[in-house]
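Comments concern the structure below.
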Amino acid sequence: MQDSLRRMLWISRVTFLEAVRQRFFAFLLVLGVAMVLSSVSLRVFDFGHGELKFIADLGFGGLFFFGSVLAVVMTAQLFFSEIDNKTALTLLAKPLSRPEFLLGKFFGAWAVLGVFVVVLAGLLGAVLWAREIELVAAAEQAGKIPTTFSAGGLAQFVLLQWLRLGVVAAIVLALSSLARTFLFAVVVGALAVVAGQLQWIAQDAVLKPSDSAAYDAFLWVSSRLIPNLQQFNIGDALVLGAAGVPAGAVTTVFLSGLFYITAYLTVGALIFRRREI
Amino acid sequence: MTSAISVRRLTKDFRIGLRGLKLRAVDDLSLEIPRGQVYGLLGPNGCGKSTTLKVVLGLVAPTAGEISILGEASATSAARRRTGFLPEAPYFHKFLTGRELVRYCAQLSGVSAGELASAVEDALGLAAMVEAADRPIGTYSKGMLQRIGFAQAVVHDPELVILDEPTAGVDPVGSAAIGRMIHAMRDKGKTVVLCSHLLGQVEQVCDRVAIMDRGKLVLEGAVDDVLARRDRHILTVEAMTPAARAAAEAALAAHGATVVSVTHPRRSLEDLFRELVTGSRDA
């Protein structure tokens, strides 16, 4: 067991190094940073919402969009670079099992996604904090109740976003272990992200049974196969406290994320075991 | 003692296209590769050599047949721990240095932390890659890639080393260096399985050979046995005059022997090249 963990760690380490040296990662990170920083100058277009909310929404949007693109494209690329360049041949001829290889790739990719989330969320937190100081001072002078943000809530949001990107990476790895081409894995992975964002529609529909048993069965299966990615988007509630977060909600979302990561990685490992390289 | 590799009735079919047409890459192949020898697996492109090696290493599942490595079922972790592999046209992570790659492979192969540093240096030394070990792999020439590939294959001191086309695309000097590494492995009592279609080199380094064609084994045996023509002899004579030649021919004819040809011995172009081109020119 210890040897197995060690081997996964070596694979993760090299995967991480490979990913952070890619221009693609740097490019998306720069775009994300630019989006968060641009919120400061764009805050005049806050459409009547609170300024902190506008800044936070723009930051959440950048995290969601660029994080999703990174999770889909980079994860597939990290997997297919090993297969297409045949480095997997060298590695899998060693006492390294295929599940260890796949899990090593996942943890390497997930670590990179963690760096991405922490950098963007850290920057967002800094921007929110700087504006909060000015807004609180102005509100006190005006005798109004100031809007504030929660650093603890931001930390929880970071964890949930990292988990969400982990679910996406696990789905993409499961798809990659089946797919023959990088393009297929990326396209289907992107569709899975969209489906995950819309999964709540299927969940709602399940609650209203129709006359067709087949339709009901399809909805039931799809609402369980596809994770509800919307459940991770509770940044407003966590960071700005706009709507209270029900007790245990974060834990439930956290456990759900872990469940889907485990499930998709298990499926991926089972498929990859039979793949001919 | 068990064989280094035992292949019994191996068949491998690939399914191609949407209709799943069957392509037979290896057809009922049986091989026993003895320990402690350099074994050459020869054949034209597409004859099933590489597929056989991949099946042996567990990278591809057999359609039928049984394979064992050093007495253990192939594709098990225990068998792989005792095996080193250099794939054809190896490609490694370009951002790693040679030393980092060999270290990474040693860690994956289960070399303990206490032995890691010395194992890495030994492997780099054997592959003559110490000087270039701290350069990124992206800067290596083809010959250096093969040599660092050799180092990663032997870093965990395996009993069996499998080399798939180790000299493909490598110049004669680099090729000779790889030949020396193979001999060094044999001298240490290791088994080396070499897959190649460079017949000259195989003849020089291998003890036994097997020749495959269209997935089937067509010949197997010791190199000396399969190449020797027992019905013919070569005499190498110095300072032979026309009179001496006539006398020799007459003497042989008196015993019923016939001189089939008289030519000057030739050295190989490879020998000439290696004589003229000196020093390491792989950098």
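Would you say residue A:103 is out of contact with any helix residue (DSSP H, G or I) (no Cβ under 7 Å at 6 or more places or on another chain) and either of a type in the set (Lys, Arg) or within 14 Å of chain B (Cβ to nearest Cβ) (or both)?
Against the criterion (out of contact with any helix residue (DSSP H, G or I) (no Cβ under 7 Å at 6 or more places or on another chain) and either of a type in the set (Lys, Arg) or within 14 Å of chain B (Cβ to nearest Cβ) (or both)), residue A:103 does not qualify.
Looking only at region B:70-81, how many residues end up being within 8 Å of chain A (Cβ to nearest Cβ) and over 21 Å from the mean Cα position of the chain (by Cα)? If you could, list the steps in order and put the result at the bottom.
The initial filter retains those residues of region B:70-81 that are within 8 Å of chain A (Cβ to nearest Cβ), namely B:77-78, B:80-81.
Applying the additional criterion that residues be over 21 Å from the mean Cα position of the chain (by Cα) yields B:77-78.
The total comes to 2.
Does region B:32-48 hold any residues that are open to solvent by less than 10 Å² (accessible area, probe 1.4 Å) and not small (Gly, Ala, Ser), and which are they?
Matches in region B:32-48: B:33, B:38, B:39, B:41, B:47.
If we scan region A:169-178, do we find a residue that is open to solvent by 20 Å² or more (accessible area, probe 1.4 Å) and of a type in the set (Ser, Thr, Tyr)?
No, because not a single residue in region A:169-178 is open to solvent by 20 Å² or more (accessible area, probe 1.4 Å) and of a type in the set (Ser, Thr, Tyr).
Checking the conditions here, which among B:254, B:228 is farther than 26 Å from residue B:130 by Cα, among the small types (Gly, Ala, Ser) and modelled with pLDDT of 90 or more?
One residue alone meets the criteria, B:254.
For residues in region B:257-283 being exposed (fewer than 10 other Cβ atoms within 10 Å of the Cβ) and hydrophobic (A, V, I, L, M, F, W, C), which is modelled with the highest pLDDT?
Step one: list which residues in region B:257-283 are exposed (fewer than 10 other Cβ atoms within 10 Å of the Cβ), which gives B:258, B:260-261, B:263-267, B:275-276, B:278-279.
From what's left, hydrophobic (A, V, I, L, M, F, W, C): B:260, B:276.
On the way: B:260: 86, B:276: 71.
It comes out as B:260.
From the list B:15, B:24, exactly one residue is in contact with an Asp or Glu (Cβ under 7 Å, 6 or more places away or on another chain), part of a strand (DSSP E or B) and either open to solvent by 10 Å² or more (accessible area, probe 1.4 Å) or away from every other protein chain (no Cβ under 14 Å) (or both). Which is it?
B:24 is the lone residue from the list that is in contact with an Asp or Glu (Cβ under 7 Å, 6 or more places away or on another chain), part of a strand (DSSP E or B) and either open to solvent by 10 Å² or more (accessible area, probe 1.4 Å) or away from every other protein chain (no Cβ under 14 Å) (or both).
For region B:179-269, which helices (runs of 4 or more DSSP H) that fit wholly inside it have 1 or more residues that are of a type in the set (S, T, N, Q) and under 30 Å from residue B:54 (Cα atoms)?
B:199-205
Considering (1) assigned to a loop (DSSP other than H, G, I, E, B); (2) among the aliphatic types (A, V, I, L, M); (3) within 14 Å of chain B (Cβ to nearest Cβ), say which one residue A:271 fails and leave the rest.
(1)
Which helices (runs of 4 or more DSSP H) sit wholly inside region A:1-87 and have at least 3 residues that are under 20 Å from residue B:108 (Cβ atoms) and either open to solvent by less than 50 Å² (accessible area, probe 1.4 Å) or of a type in the set (D, E, K, R) (or both)?
Working: elements: A:2-20, A:23-42, A:51-69, A:75-84.
Ranges flagged: A:2-20, A:75-84.
May I ask you to say which residue of B:199, B:101, B:194 is under 18 Å from the mean Cα position of the chain (by Cα), at pLDDT 90 or above and of a type in the set (A, V, I, L, M)?
B:194
Could you identify the single residue in B:117, B:64 that is open to solvent by 20 Å² or more (accessible area, probe 1.4 Å) and closer than 24 Å to residue B:212 by Cβ? Even if it seems obvious, please write down each step before you answer.
Details: B:117 fails: closer than 24 Å to residue B:212 by Cβ.
Only one candidate qualifies: B:64.
Consider region B:121-138. How many of its residues are in contact with a strand residue (DSSP E or B) (Cβ under 9 Å, 6 or more places away or on another chain) and open to solvent by 50 Å² or more (accessible area, probe 1.4 Å)?
3
Filter region B:67-85 down to residues that are touching a Pro at 6+ places or on another chain (Cβ under 6 Å) and of a type in the set (Gly, Ala, Ser) and give me whichever is most open to solvent (accessible area, probe 1.4 Å).
If we take residues in region B:67-85 being touching a Pro at 6+ places or on another chain (Cβ under 6 Å) and of a type in the set (Gly, Ala, Ser), then B:77 is most open to solvent (accessible area, probe 1.4 Å).
Might you let me know whether region B:150-168 holds any residue that is without any contact (Cβ under 8 Å) to a residue 60 or more places away in the chain and over 23 Å from residue B:111 (Cα atoms)?
Within region B:150-168, one or more residues are without any contact (Cβ under 8 Å) to a residue 60 or more places away in the chain and over 23 Å from residue B:111 (Cα atoms).
If you go through region B:35-47 one residue at a time, do you hit one that is over 22 Å from residue B:179 (Cα atoms), within 13 Å of chain A (Cβ to nearest Cβ) and of a type in the set (A, V, I, L, M, F, W, C)?
no
Provide a single number: the residues in region A:111-161 that are open to solvent by less than 60 Å² (accessible area, probe 1.4 Å), polar (S, T, N, Q) and within 18 Å of the chain's Cα centre (by Cα).
The number of residues fulfilling the criteria is 1.
Of (1) within 22 Å of residue A:23 (Cα to Cα); (2) of a type outside the set (Val, Ile, Thr); (3) open to solvent by 40 Å² or more (accessible area, probe 1.4 Å); (4) touching a residue at least 24 places away in the same chain (Cβ under 8 Å), residue A:103 satisfies all except one. Which?
Among (1) within 22 Å of residue A:23 (Cα to Cα); (2) of a type outside the set (Val, Ile, Thr); (3) open to solvent by 40 Å² or more (accessible area, probe 1.4 Å); (4) touching a residue at least 24 places away in the same chain (Cβ under 8 Å), the lone unmet condition for residue A:103 is (1).
For region B:139-193, how many residues meet the condition of being away from every other protein chain (no Cβ under 13 Å) and either open to solvent by less than 10 Å² (accessible area, probe 1.4 Å) or not β-branched (Val, Ile, Thr) (or both)? Let's see the steps before the verdict.
Of the residues in region B:139-193, the ones away from every other protein chain (no Cβ under 13 Å) are B:139-144, B:147, B:157, B:159, B:166-192.
Next cut, either open to solvent by less than 10 Å² (accessible area, probe 1.4 Å) or not β-branched (Val, Ile, Thr) (or both) only: B:140-144, B:147, B:157, B:159, B:166-169, B:171-172, B:174-192.
Within region B:139-193, residues that are away from every other protein chain (no Cβ under 13 Å) and either open to solvent by less than 10 Å² (accessible area, probe 1.4 Å) or not β-branched (Val, Ile, Thr) (or both) number 33.
Which residues, counting only those in region A:88-100, are buried (at least 23 other Cβ atoms within 10 Å of the Cβ) and within 24 Å of the chain's Cα centre (by Cα)?
A:100
For (1) facing another protein chain (nearest Cβ under 10 Å); (2) assigned to a helix (DSSP H, G or I); (3) of a type in the set (Asp, Glu), each residue gets a yes or a no:
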site	(1), (2), (3)
B:54	yes, yes, no
B:68	no, no, no
B:89	yes, no, no
B:92	yes, no, no
B:99	no, yes, no
B:105	yes, yes, no
B:118	no, yes, no
B:122	no, yes, yes
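Sort out which residues of region A:220-255 are in contact (Cβ under 8 Å) with a residue 24 or more places away in the chain, polar (S, T, N, Q) and open to solvent by 30 Å² or more (accessible area, probe 1.4 Å), and write them in order of number.
A:230, A:231, A:233
The values are calculated or read from the model by the stated rules, or taken from the named source; none is laboratory data. Keep in mind it's a predicted model, so treat the numbers as computed, not measured. In this analysis, Cβ positions are derived from the backbone assuming ideal geometry, glycine residues included, and neighbour counts consider all displayed protein chains. Only protein heavy atoms, including side chains, enter the accessible area calculation; ligands, DNA and RNA are left aside. Shrake-Rupley method; radii C 1.70, N 1.55, O 1.52, S 1.80 Å.
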